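Notes to accompany the following structure.
Values in this text are rule-based calculations from the coordinates and carry no lab data. The structure displayed is predicted, hence computed values, not measured ones. We place every Cβ from the backbone using ideal geometry, glycine too, and count neighbours over all the protein chains shown.
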Amino acid sequence: MSEEEKNKNNPLHGVTLQHILESLVERYGFKELGNRIDIRCFLINPTMSSCLKFLRKTPWARTKVEELYINDTNKNKN
């Protein structure tokens, strides 16, 4: 399978972490996002830059945010 074929099936291909976070914050707000995903940076003095910094350094947290984004995007398509 070529790299292009792999990317075609990847729902996150071409989507930046910043876009993902902005979309989720716009939809839920930091407080609700912190309730859905237990990450303190969403609940204690959240800023876009501090959350992005944390998510870039913490693979398990980034994975949870990406999964929520994918699930949320799939719900909106149906």
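By how many degrees, between 0 and 90 and to the nearest 10, does the Cα long axis of helix 59-77 differ from the longest principal axis of the chain?
Around 70 degrees separate the two axes.
Please determine, in degrees from 0 to 90 and to the nearest 10, the orientation of helix 17-36 with respect to the longest principal axis defined by the Cα atoms of the chain, where the helix direction is its Cα long axis.
50
Taking the structure as given and computing semi-axes √(5λ) of the Cα gyration tensor in Å, which label from (1) 54, 18, 10; (2) 26, 17, 11; (3) 24, 15, 10 fits?
(3)
Counting other beta carbons within 10 Å of each Cβ, put Arg62, Arg56 in order, fewest first.
Listing Arg62, Arg56 from fewest to most nearby Cβ atoms yields Arg56, Arg62.
How many nm is it between the label spots at Asn74 and Arg27, if each spot is 7 Å from the Cα in line with the beta carbon?
1.2
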